[in-house]
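Please read the structure below before turning to the comments.
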Amino acid sequence: ERTILIKASLITALILFVLSLEIFGFSLWRMIYALIPGATAIRAVGRVVLIVEVYVLVASLLCVDGMLRSKVANPTLRSAIALTLLLITLPEQIIFHPMSYEKAPVLKLESELQAAIEAKCDVAYAVTASPLTAFYLQQLPIMWAGLNAGVPVVNGYSGSTPAGIPSTIERSANFPAVLQWLDGKVQGRLCWVQSNRSNQLPPNIPLKSINADLRYQSEHFTTFVIPLPPNVPLKEFSQSIEAKVPRLMRSHQIMKVPLFVQNTSRYTWFQTEEAPINLSYRWLKLDGTIVVDNGQRTPIPASIVPGETIALNAIVEPPAPGQYQLSLTLVQENVGWFADRGAKPFNAEVKIIP
């Protein structure tokens, strides 16, 4: 039985060693990592070596024990030799300079990051600071900040890469890749947290998707709050408008028309600096000819989630006297009118008097 156990331990150690070899850029360990539950914890060479050493140690101890039993008949002497061998191995466990780092700076950064993303974000991504700083020291603060703030983070170091995350965003600031990976997973606000060592945004962040009012500065970081998906242009143009339009109006006498606007799309409407969403209108003749193509604007609130309904008093200026149709719709400035992108406007027939 002793011989069988020794052979089994050595064969197991050999199999693990062979599986961990990388040949022409491929390793069989990748299959174990992906398929066997718990194998994701064994992702570093040092951890594979540690497991191999366990089996080698078992085989070695069995060999030493068998040798002592066959060569030394006196049990007391046998125990003394075994104890001596054990004492010889103890100094190997002594560490004179243990690996450690000062945690106070990390905790300070974590508190600052937590304040930056708490109550502002649905998901966060941290742009690493300096390539000279250890990767895990850059990522630990955002990981703990996300846990304490209750905000999921894309690249906070936890030792486990999210499924399907592209390698291009694991350690780098690749904004399009982040958006592509988050598409369909998260809706709301992405907090892009960047070190103040860089005074500029990465060039591939579309500035028009960021509202100037949604930038937060702290001692070490600047946080940019970006809608997901980016609002410019909207991913869906869908609306529902119900209004109480007077059937009689006076020409060029500005009126306020009470109405309800509902976001019937699957995405939150965020106001952006370059392409805000407003309510507007067109005046048409009864035959469909457009008389006023670009009516006055009525702003909507900063954000409207899917299914949310808001009440507005739309500012409307009637044209010259005649019989018209008032067409109320939303418009994303510098992008297009909702009614032109397939959304149904609210139409009402109105008589304009002098």
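The values are calculated or read from the model by the stated rules, or taken from the named source; none is laboratory data. This is a predicted model, so every value here is computed, not measured. All Cβ positions, glycine included, derive from the backbone under ideal geometry; neighbour counts span all protein chains shown. Note: accessible area is taken over every heavy atom of the protein model, side chains too, but ligands, DNA and RNA are not part of it. Shrake-Rupley method; radii C 1.70, N 1.55, O 1.52, S 1.80 Å.
Key figures
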read-out	value
Heavy atoms of Asp183 accessible to a 1.4 Å probe, total area in Å² rounded to 10	80 Å²
Estimated FRET transfer efficiency when R0 is 41 angstrom, pair Arg69-Glu102 (beta carbons, to 0.05)	0.20
GNM top mover of Leu330, Leu86, Leu50 - the chain, alpha-carbon springs below 10 Å	Leu86
The stretch 240-305-the stretch 1-57 distance, computed between alpha-carbon centres (Å)	67 Å
Potential extension, Ile290-Phe17 segment - 0.36 nm per residue separation minus Cα distance	90.5 nm
Net length gained if the chain between Thr309 and Ile81 were fully extended (0.36 nm per residue, minus Cα distance)	73.8 nm
Kirkwood Rh (inverse of mean 1/r, distinct Cα pairs), the stretch 1-143, angstrom	20.3 Å
14 Å beta-carbon shell around Phe338, net charge (K/R +1, D/E -1)	+2
Largest-first ordering by accessible area, 1.4 Å probe, given options His252, His220	His252, His220
Where the chain is the region considered: accessible area per residue in Å², 1.4 Å probe	59 Å²
Accessible-area value, Lys235, 1.4 Å probe, nucleic acids and ligands omitted, Å²	100 Å²
The chain: most fluctuating residue of Leu140, Leu190, Leu68 per GNM, C-alpha cutoff 10 Å	Leu68
Local electrostatic count at Leu19 - Lys and Arg +1, Asp and Glu -1, tallied over other residues with Cβ under 15 Å	+2
Span-like helix ranges in the chain, DSSP H, alpha carbon extent 15 angstrom or more, Kyte mean at least 1.6	2-19
Percent accessible area from carbon and sulfur atoms, the chain, protein chains only, probe 1.4 Å	60 percent
Of (1) 33.5, 124; (2) 46.6, 159; (3) 34.3, 102, the label for Rg and Dmax of the Cα atoms in Å derived from the coordinates	(1)
Most mobile listed residue (Cys191, Cys121, Cys63) in the chain, GNM with C-alpha springs under 10 Å	Cys63
Computed label-point distance, nm, for sites Leu90 and Arg250 using a 7 Å Cα→Cβ extension	10.3 nm
Distant-in-sequence amide H partners of Ser265 (H built 1.01 Å from N, under 5 Å)	Ser238, Gly307
Proximal charge balance of Phe221 [Cβ under 14 Å; K/R count +1, D/E count -1]	0
